[in-house]
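The values are calculated or read from the model by the stated rules, or taken from the named source; none is laboratory data. As the structure is a prediction and not an experimental result, all values here were calculated from the model. Glycine also receives a Cβ, built like all others from the backbone with ideal geometry; neighbour counts cover every protein chain displayed.
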C-alpha cells in the first residue's frame, strides 16, 4: 500500500531541506523522541530513535539523499508503532512560486492481514501531519535556538 501526504510550509524549500537532510538530527521532533543514536554516515546510515521510558528504538536506514532534488528515502527497519511490514518512507520538497514549499511524504508498506488498510493509511497521514507540525514549530524558532 501507499499513502501520500502533501504538507505546505511557509518557509523556503532550502530552509526546510537543511533540517530534513540532516538524517541524524531529530531535534525538530524532540517532543516524540528523547534520544537519537546514529551509526555511520551518508547512504546506509542508521538512526535509532528512543521514546521516553522505552528501551526499544525505532530504527531507520538512509537509502537515498538527493540534495539537488531535495529528496530523501529511508527504510524503517523496526517500525515499533506501526503494525506493518516492509515500511519505507520518502520525503520530497517542491518550492512554490508564491513562496514557501510543499513537502510530499510517501509511505510504502504491507499491512497485516487482520488490519484494515484504510485505518493504517489514516494513522500514517495523522502521524505525518503531527510530525510536520513539529517541524513547523522548529523552523519558527530563531536559528540560534534550534
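General observations
- Test: residue 119 is outside any strand (DSSP E or B), at pLDDT below 95 and closer than 22 Å to residue 4 by Cβ: yes
- Across region 43-67, the qualifying residues are those that are modelled with pLDDT under 95 and either surrounded by fewer than 13 Cβ atoms within 10 Å (Cβ to Cβ) or in contact with a helix residue (DSSP H, G or I) (Cβ under 9 Å, 6 or more places away or on another chain) (or both), and the one among them that is nearest to residue 87 (Cα to Cα) is 49.
- Taking the criterion of being within 24 Å of residue 94 (Cα to Cα) and free of Cβ contacts under 8 Å to residues at least 40 places away in the same chain, the residues of region 68-82 that qualify are 68, 69, 71, 73, 75, 76.
- Screening region 1-67 for strands (runs of 3 or more DSSP E) wholly inside it with 1 or more residues that are in contact (Cβ under 8 Å) with a residue 60 or more places away in the chain and within 14 Å of the chain's Cα centre (by Cα) returns the ranges 2-9.
- Residues that are touching a helix residue (DSSP H, G or I) at 6+ places or on another chain (Cβ under 8 Å) and part of a loop (DSSP other than H, G, I, E, B) within region 122-146 comprise just one, 146.
- The residues listed here are 99, 133, 117; of these, the one that is out of contact with any strand residue (DSSP E or B) (no Cβ under 6 Å at 6 or more places or on another chain), surrounded by fewer than 15 Cβ atoms within 10 Å (Cβ to Cβ) and within 16 Å of residue 32 (Cα to Cα) is 133.
- Contact annotation: residue pairs with Cβ atoms under 6 Å, 6 or more positions apart or on different chains, pairing a residue in region 96-107 that is at positive phi and assigned to a loop (DSSP other than H, G, I, E, B) with a partner that is surrounded by 15 or more Cβ atoms within 10 Å (Cβ to Cβ) and at pLDDT 95 or above, are 100/9.
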